[in-house]
Amino acid sequence: MLKKIYLIILIATAIACKAAPTKAIKVLGSNDIQPSEQQSIVCRTVATFISDYNYKKVIINDSISGIILNRYIKLLDEGHNYFLASDVADFEKYRYILDDDVKNGNLNNVFYIFNVFQKRYIENIKYCLSKVNDNFDFSKSEVYTFDRDSLPYVATREEMDNLWYLHVKYDFLNLKLAKNDLEKNRETLKKRYQNLLDQTNKLNNQDVFQIFMDAFTNSIDPHTNYFNPSNAANFNIEMSRQLEGIGAGLNTDNEYIVIRSIVPGGPADKSHQIGVEDKILGVGQGKDGEFQNVIGWRVENAIALIRGAKGTIVRLEILPKGSSASSKPKVVEMVREKIILKDESAKKEIRTYNNNGKQVKIGIISVPAFYIDINDYRSGNPNYKSTTHDVKLLLDSLKKENVDGVVMDLRENGGGSLMEAIELTGLFIKDGPVVQVRESNNKVEVDKDEDPSVAYSGPLAVIVDRFSASATEIFSGAIQDYGRGLILGTQTYGKGTVQNAIDLDRILNQSIIDKAKSLVNKGAKPTGSGSQSTFGQLNLTIAKFYRITGNSTQHKGITPDINFPTFIPLDKYGEDTEPSALPFDVIAPTAYVKAGDFSMVLPQLKKLHDDRMAQSENYKLFMKDLEEGKKHENEKSITINEELLKTQREEEEKKSFEDNNAHRKAMGLPVLKKGETRPRHEDLDFLKLEAGQILTDYIGLDDKVVKTNPKQQ
């Protein structure tokens, strides 16, 4: 197939290279960034791959064109803070021609839209700079709307100035409440806004191209992605499981830099003060370096500030998830490390429960990812590091300590190696199919555990949450389908698609590569142009996962046997929140022999769980926190009246301190003194504790799981 694709691409690029490009439209007031010939080639190439080889078999037409335009505008200005209504109306002329543009490699219209955005961005930041020396009246009953994504675009420049005037006023009030030094605060704001201007002046055509290609590929499906040369290098560094910095994955949410993932064992994790969904407001270097405000920054630039040499100190201003926008940020200091992800391993602990006067020991194994040292594996080293090898050792250790049951904690495990998902399942079943994979030509392959040995045959439970995805869903789905263990937690992410990483340099012929390089060398080099890659990388969706029952893991994920509450909003995260996601469907089941059946005991286990939650102070506090978090999530504006905001912050800080101590008391932990902070990892202990209790309930039942095939265990 690769040879066939190669020939198609060569023909397509050869024809397209002869086409005369349309004339670029200059946008005065912007930096007038223009596309390169290599980007035109990449755009045509990606369009051909998507049309012919994506699993969805998408036809790039007027319908897709409109979706691309909407996504592109949203990526540029999600909060409706930059474009005027007249700008967006002007872009309508491209609604039904972007499909032809991507197929022809014409990026002039795309770059025109970006240059209009940059013009508005520069205008707004320069306006902010012009207002820094104003004398603001903070006694007025004014409100700053920081989340405008559901509001219409403003119509006039005067309205836009009013919007940004309130933005400057809110920024100034924040500084004033922290330190009432007028001149110092003015200087801080000047530096902040000037820095934003400096950043936008450093943008190049690779930055613009990446944003547009994100809009294009995500209009097809959420997991077909193009990476420009620098991003491809970063992607492959992460795939090699090496990171530097604090060990946190970042993303953006409106104007905020948001923590999306935390590497177990990294500085962020070891600080016990940072969690997923926390917002980063500022970054400081060393123990006393001035904080650089990163609100409104591109995530790449924020990452560049946070990363640094091993052993150096970085400080972050953090706004914890669920906090009000008016809350005072906390400062977290960390020492940067070089993090080798292959060293982030599965870990175990043992908890003791009481069941009618009898002590029950439950082993809990936390699995952060489905990892494998692929180089050691390929070299034939029998002791290569992997999830399955590590878990096998932990199970052997737990058996020696005579545990009565095992809980596998797979919360926030986003997946990894498919082979590891299959082999890990094999530790708990005798043998048999684990997952089915259907390609775009409808050919179905059944991947099996062929090792008849069983590492652990005792009572088993698996905890999952909304961020459990991909390989985690394969493992937990197989455990559920075999009736081998109880699945506890929240509906999983629903990522049931398979991607193939395509090095575009290998597809395109050397003459085109040489031509592109020569064109790049004649002008300003885009980011990453000095790397070996010229065209970047395409991750193309080529297949779907299916459970052995025939049900897809796509879109619906895994539904737990017993549900737990969650802080993660299910309507905001998950495959079913992605408009372009592939649908759930069903294929024929494959033959397998169940290990057991929990259906007869589940009602009793659910009742015991519900009765316990009705009496649990932990549960009541957890649900209270959920309600508070939902309330803050729906906030879209904040007062810029000084006395009112000050009072709100003081009340918020007092309430947060009291809530923290209430949680600690319910967990049997010592309460905090004023000024102390609670380690964030303790928030998860309640659910982990309850998972062990449910498994203890099961162990104590007289009539346990009905085993349909004792030999399977």
**Message:** For region 262-280, which positions are under 19 Å from Trp297 (Cα atoms) and not in a loop (DSSP other than H, G, I, E, B)?
**Reply:** Lys279, Ile280
**Request:** Among the strands (runs of 3 or more DSSP E) lying completely within region 323-364, list those that include at least 3 residues that are modelled with pLDDT under 90 and under 27 Å from Val258 (Cβ atoms).
**Result:** 337-340
**Asked** Which one of these is under 20 Å from Ala85 (Cβ atoms) and surrounded by 20 or more Cβ atoms within 10 Å (Cβ to Cβ): Asn162, Asn115?
**Response** Asn115
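For (1) under 24 Å from Gly483 (Cβ atoms); (2) buried (at least 18 other Cβ atoms within 10 Å of the Cβ); (3) in contact with a helix residue (DSSP H, G or I) (Cβ under 7 Å, 6 or more places away or on another chain), each residue gets a yes or a no:
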site: Asn551; (1), (2), (3): yes, yes, no
site: Pro565; (1), (2), (3): no, no, yes
site: Thr577; (1), (2), (3): no, no, no
site: Leu582; (1), (2), (3): no, yes, no
**Item:** Complete set of residues in region 450-477 that are outside any loop (DSSP other than H, G, I, E, B), farther than 22 Å from Asp597 by Cβ and either without any contact (Cβ under 8 Å) to a residue 40 or more places away in the chain or polar (S, T, N, Q) (or both)
**Value:** Thr472
**Search result, residues across region 398-427 that are in contact with a Lys or Arg (Cβ under 8 Å, 6 or more places away or on another chain), at pLDDT 95 or above and more than 20 Å from Arg351 (Cβ to Cβ)** = Ile422, Leu427
**Complete:** Within region 179-199, residues being surrounded by fewer than 19 Cβ atoms within 10 Å (Cβ to Cβ) and touching a residue at least 40 places away in the same chain (Cβ under 8 Å) number 6
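Would you be able to say whether some residue in region 604-627 is assigned to a loop (DSSP other than H, G, I, E, B), within 28 Å of Lys279 (Cα to Cα) and under 27 Å from the mean Cα position of the chain (by Cα)?
At the first step, the residues of region 604-627 found to be assigned to a loop (DSSP other than H, G, I, E, B) are 616.
Those still in the list that are within 28 Å of Lys279 (Cα to Cα) too: none.
The answer is no; no qualifying residue exists.
Can you say whether Ala89 is assigned to a helix (DSSP H, G or I), among the small types (Gly, Ala, Ser) and in the same structural domain as Ile25 (by TED's automatic domain parsing), as far as the supplied structure shows? Step through it out loud before you land on a result.
Numbers: assigned to a helix (DSSP H, G or I): yes; among the small types (Gly, Ala, Ser): yes; in the same structural domain as Ile25 (by TED's automatic domain parsing): yes.
Considered against the rule, which asks whether it is assigned to a helix (DSSP H, G or I), among the small types (Gly, Ala, Ser) and in the same structural domain as Ile25 (by TED's automatic domain parsing), Ala89 comes out as yes.
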**Selection from region 438-476 of residues that are over 25 Å from Leu393 (Cβ atoms) and crowded, with 17+ Cβ neighbours inside 10 Å** = Arg438, Asp465, Arg466, Phe467, Ala469
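Regarding Val132, is this residue more than 33 Å from the chain's Cα centre (by Cα), more than 15 Å from Ile68 (Cα to Cα) and of a type in the set (A, V, I, L, M)? Walk me through how you get there before you give the answer.
Numbers: more than 33 Å from the chain's Cα centre (by Cα): yes; more than 15 Å from Ile68 (Cα to Cα): yes; of a type in the set (A, V, I, L, M): yes.
It is true that Val132 is more than 33 Å from the chain's Cα centre (by Cα), more than 15 Å from Ile68 (Cα to Cα) and of a type in the set (A, V, I, L, M).
Could you tell me how many of the residues in region 567-610 are touching a strand residue (DSSP E or B) at 6+ places or on another chain (Cβ under 7 Å) and hydroxyl-bearing (Ser, Thr, Tyr)? Walk me through how you get there before you give the answer.
The initial filter retains those residues of region 567-610 that are touching a strand residue (DSSP E or B) at 6+ places or on another chain (Cβ under 7 Å), namely 582, 584-587, 590, 592-593, 596-598, 600, 605-606, 609.
This time we only want the ones that are hydroxyl-bearing (Ser, Thr, Tyr), so: 590, 592.
Residues that pass the stated criteria total 2.
Here's the yes/no breakdown for (1) crowded, with 19+ Cβ neighbours inside 10 Å; (2) in contact with a strand residue (DSSP E or B) (Cβ under 6 Å, 6 or more places away or on another chain):
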{"position": "Gly282", "(1), (2)": "yes, yes"}
{"position": "Val294", "(1), (2)": "yes, yes"}
{"position": "Leu305", "(1), (2)": "yes, yes"}
{"position": "Ser324", "(1), (2)": "no, no"}
{"position": "Lys330", "(1), (2)": "no, yes"}
{"position": "Glu333", "(1), (2)": "no, yes"}
**Prompt:** Restricting the search to region 424-449, which residues are in a loop (DSSP other than H, G, I, E, B) and more than 23 Å from Val391 (Cβ to Cβ)?
**Reply:** Ser440, Asn441, Asn442, Lys443
**Message:** Being among the acidic types (Asp, Glu), modelled with pLDDT under 80 and assigned to a helix (DSSP H, G or I) is the requirement here; does Glu183 meet it?
**Reply:** no
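Out of Ala614, Ala595, Ala591, I need the residue that is small (Gly, Ala, Ser), modelled with pLDDT of 90 or more and in contact with a helix residue (DSSP H, G or I) (Cβ under 7 Å, 6 or more places away or on another chain). Which one? Reasoning before the result, please.
Values: Ala614 fails: in contact with a helix residue (DSSP H, G or I) (Cβ under 7 Å, 6 or more places away or on another chain); Ala591 fails: in contact with a helix residue (DSSP H, G or I) (Cβ under 7 Å, 6 or more places away or on another chain).
Unique residue meeting the criteria: Ala595.
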**Asked** Is it the case that some residue within region 541-559 is modelled with pLDDT of 75 or more, at negative phi, of a type in the set (A, V, I, L, M, F, W, C) and in a loop (DSSP other than H, G, I, E, B)?
**Response** yes
**Complete:** Note: among Tyr55, Tyr96, just one is assigned by TED's automatic domain parsing to the domain that holds Tyr127 and either of a type in the set (A, V, I, L, M) or surrounded by fewer than 20 Cβ atoms within 10 Å (Cβ to Cβ) (or both), namely Tyr96
**Prompt:** Just a yes or no: is a residue in region 484-492 within 16 Å of the chain's Cα centre (by Cα), in a loop (DSSP other than H, G, I, E, B) and not small (Gly, Ala, Ser)?
**Reply:** yes
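For residues that are at pLDDT below 85 and not charged (D, E, K, R), tally how many sit in region 672-697. Give the steps one after another, and end with the answer.
Taking region 672-697 as the starting set, the residues that turn out to be at pLDDT below 85 are 672-686.
With not charged (D, E, K, R) added as a condition, the list becomes 672, 675, 677, 679, 681, 684, 686.
Residues in region 672-697 being at pLDDT below 85 and not charged (D, E, K, R): 7 in total.
The values are calculated or read from the model by the stated rules, or taken from the named source; none is laboratory data. All values reported here derive from a predicted model rather than from experimental measurement. Quick reminder, even Gly has a Cβ in these numbers, built from the backbone with ideal geometry, and neighbours come from all protein chains shown.
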